[in-house]
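K.L.:
Input: one structure, supplied below.
The values are calculated or read from the model by the stated rules, or taken from the named source; none is laboratory data. Being a predicted model, the structure only gives us computed values, none of them experimental. Positions of Cβ are generated from backbone atoms using ideal geometry, with glycine treated the same way; all protein chains shown enter the neighbour counts. Heads up: the accessible areas ignore ligands, DNA and RNA and are worked out on the full protein's heavy atoms, side chains in. Shrake-Rupley method; radii C 1.70, N 1.55, O 1.52, S 1.80 Å.
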Amino acid sequence: CPESKVSVLSNATLINRKNVFDALMMVDNNILKLDTVSPDYIRLVNRPPATYSADRQVEIMKKFNGHCIIQTMFMKGYINGIDVNNVKPEYINPWLKAVMQIKPRQVMIYTIDRETPDKELYKASRDELDDIVRQIQQSGIPATASY
């Protein structure tokens, strides 16, 4: 299959390790997860290892020199009574700034596609996702949305 492409989806928490970084540089589609750059949101929703820093992740992602695809999930709702709607400008604008610094070759956004353990989480709307795609594309970066 000479036309096949290798894709790897990573939550990007280990891209600071040289062997992980080097391995991702060798795949055709290096897909890195970046849902937001808000530390509070990340701790509440993504629950990464204690050493995780979104600013540090963005700096490392920039070192891929465009050889990456950023994947981001947008959703609405509440976790433990706290609003986790990341379709708001207060989350989108800093995230967009980070994406433009990373300069990925593509951005893929999506929303919840199945039942979640937390019953108060909901899909972002098609219109909201389309609006985010337009904003990404205006910066010259190709983007797609999955609904």
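K.L.:
With no solvent and one point per C-alpha, what does the Debye sum give as log10 I(q)/I(0) for the chain at q = 0.21 Å⁻¹?
P.N.:
-1.42
K.L.:
A follow-up question, please. From the Cα trace of segment 62-138, what convex hull volume per residue do you get, rounded to a whole Å³?
P.N.:
Convex hull of Cα atoms, per residue: 104 Å³.
K.L.:
Could you state the principal axis extents of the C-alpha atoms in segment 14-76, from the largest down, to the nearest angstrom?
P.N.:
So the extents along the principal axes, rounded to whole Å, are 34, 24, 15.
K.L.:
Leaving out ligands and nucleic acids, note down the accessible area per residue over the chain with a 1.4 angstrom probe, in whole Å². Write out the running numbers ahead of the final one.
P.N.:
Details: 8520 Å² over 147 residues.
Here the per-residue accessible area is 58 Å².
K.L.:
Same structure, new question: Scan segment 50-147 for GluC sites (Glu not before Pro) in coil per DSSP, keeping those whose Cβ has at most 15 other Cβ atoms within 10 Å, and list them by number.
P.N.:
When the GluC sites (Glu not before Pro) of segment 50-147 are filtered for loop state and at most 15 Cβ neighbours within 10 Å, Glu115, Glu120 remain.
K.L.:
For Lys123 and Asn93 in one chain, what is 0.36 nm times their gap in residues minus the Cα-Cα distance, to one decimal in nm? Could you put the intermediate results ahead of the total?
P.N.:
Values: separation 30, 0.36 × 30 = 10.80 nm, distance 1.96 nm.
Answer, rounded to one decimal: 8.8 nm.
K.L.:
How many angstrom lie between the Cα centre of segment 4-28 and the Cα centre of segment 63-105?
P.N.:
Result: 19 Å between the Cα centres.
K.L.:
Within the chain, what's the longest run with no trypsin sites (Lys or Arg not before Pro) in a DSSP loop and at most 12 other beta-carbon atoms within 10 Å? Give the range, please.
P.N.:
The longest uninterrupted stretch comes out as 18-113.
K.L.:
Still on this model: Summarise the accessible area of the chain (1.4 Å probe, protein heavy atoms) by the percent that is carbon and sulfur.
P.N.:
After summing per-atom areas, the C and S share lands at 51 percent.
K.L.:
Another question about this same structure. Using Cα pairs closer than 8 Å and at least 6 residues apart in sequence, work out the relative contact order for segment 1-131, in percent.
P.N.:
Details: 190 pairs, mean separation 31.8, N = 131.
Normalised by residue count, the contact order of segment 1-131 is 24 percent.
K.L.:
Dividing the alpha-carbon Rg of segment 57-96 by 2.2 N^0.38 Å yields what?
P.N.:
1.49
K.L.:
Counting helices only, and only those DSSP H runs with n ≥ 4, report the 222 nm mean residue ellipticity of the chain as the sum of -39,500 (n - 2.57) divided by its residues, in deg cm²/dmol to the nearest 500.
P.N.:
Helix contribution divided over all residues of the chain: -9500 deg cm²/dmol.
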